[in-house]
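Report on the following structure.
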């Protein structure tokens with residue numbers, strides 16, 4: 001049975017972790033396949049978004065600990081690092097759909113996604129401290145940014161499980177949905193993104209993800225990208241469509 005399933009449909013790539021007998025625990029092979037899928041998606045001009053999900057009852061229990069004990073990953077060169085690099089540097093928007101448990105890297109990887117939707121009974125946990133470990137996947141930097149120092153300390157230093165509502169209040173997820181509907185919700189957002197001009201979508205995400213820089217420099221950077229997008233065929237078509245709508249009485253972009 002394949003442990004990673006992929007499907008391209010209507011401008012969206014869906015990546016499904018498919019190892020239910022092990023609660024979708026991640027192996028080097030799974031990491032490598034997901035990294036390759038995300039990297040390939042960035043090069044596919046027909047794709048506008050990536051959806052990452054698990055099986056019906058589990059997103060992922062995180063790393064396969066026995067695998068990690070038997071073969072600790074290299075810090076600089078490993079399938080884990082390749083996946084985290086691919087995810088954190090993805091050009092296309094990445095949307096996660098969480099059902100069941102999201103544990104360890106299954107929770108920290110969500111900090112690299114652009115949209116996250118979770119079932120109301122989903123359970124999250126970053127239990128590194130309980131295993132004598134430290135946070136990974138950049139979570140010691142990213143979690144305080146979205147949740148604040150005190151909430152991040154609570155999550156990372158106590159290592160306790162928390163609910164979808166807690167995750168939303170901490171800024172880790174965008175929305176909560178009925179159990180069994182997380183993927184549908186994620187795909188609905190992906191379809192909205194699939195209707196956007198691709199270049200503007202990619203460039204907008206790049207600006208949002210860029211590290212801190214002085215405001216004046218960011219304004220200048222936005223101006224250069226804005227002009228580049230304005231000259232694109234996609235932008236010209238969208239603007240002409242707007243004017244056509246305006247003539248017919250529907251002026252909203």
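The values are calculated or read from the model by the stated rules, or taken from the named source; none is laboratory data. All figures in this text were calculated on a predicted structure; none of them were measured in a lab. Note: ideal-geometry Cβ built from the backbone for every residue, glycine included; neighbour counts use all protein chains shown.
Every test in (1) surrounded by fewer than 20 Cβ atoms within 10 Å (Cβ to Cβ); (2) farther than 22 Å from residue 17 by Cα; (3) touching a strand residue (DSSP E or B) at 6+ places or on another chain (Cβ under 8 Å) is passed by residue 125 save one, and that test is (2).
Test residue 63 against the criterion of being at positive phi and touching a residue at least 12 places away in the same chain (Cβ under 8 Å), and give yes or no. Considered against the rule, which asks whether it is at positive phi and touching a residue at least 12 places away in the same chain (Cβ under 8 Å), residue 63 comes out as no. Where helices (runs of 4 or more DSSP H) fall entirely within the stretch 62-121, those with at least 2 residues that are at pLDDT 95 or above are at 79-88, 105-108. Residue 185 fulfils the conditions (1) touching a residue at least 40 places away in the same chain (Cβ under 8 Å); (2) out of contact with any strand residue (DSSP E or B) (no Cβ under 7 Å at 6 or more places or on another chain); (3) under 28 Å from residue 11 (Cβ atoms) except for a single criterion, (2).
For residue 150, the conditions (1) loosely packed, with under 13 Cβ neighbours inside 10 Å; (2) within 26 Å of residue 24 (Cα to Cα) all hold with the exception of (2). Filtering the stretch 55-74 to residues that are buried (at least 20 other Cβ atoms within 10 Å of the Cβ) and over 14 Å from residue 27 (Cα atoms) leaves 58, 59.
For the stretch 28-58, taking the residues that are in a loop (DSSP other than H, G, I, E, B) and at pLDDT 95 or above, the one that is nearest to residue 194 (Cα to Cα) is identified as 48.
In the stretch 124-133, the count of residues that are part of a helix (DSSP H, G or I) and under 30 Å from residue 201 (Cβ atoms) is zero. Any residue in the stretch 7-22 that is modelled with pLDDT of 95 or more and on the phi > 0 side of the Ramachandran plot? So far as the stretch 7-22 goes, yes, one or more of its residues are modelled with pLDDT of 95 or more and on the phi > 0 side of the Ramachandran plot. Considering the stretch 1-27 alone, what residues qualify as being part of a strand (DSSP E or B) and either more than 15 Å from the chain's Cα centre (by Cα) or farther than 19 Å from residue 95 by Cα (or both)? Selection gives 4, 5, 6, 7, 8, 9, 26.
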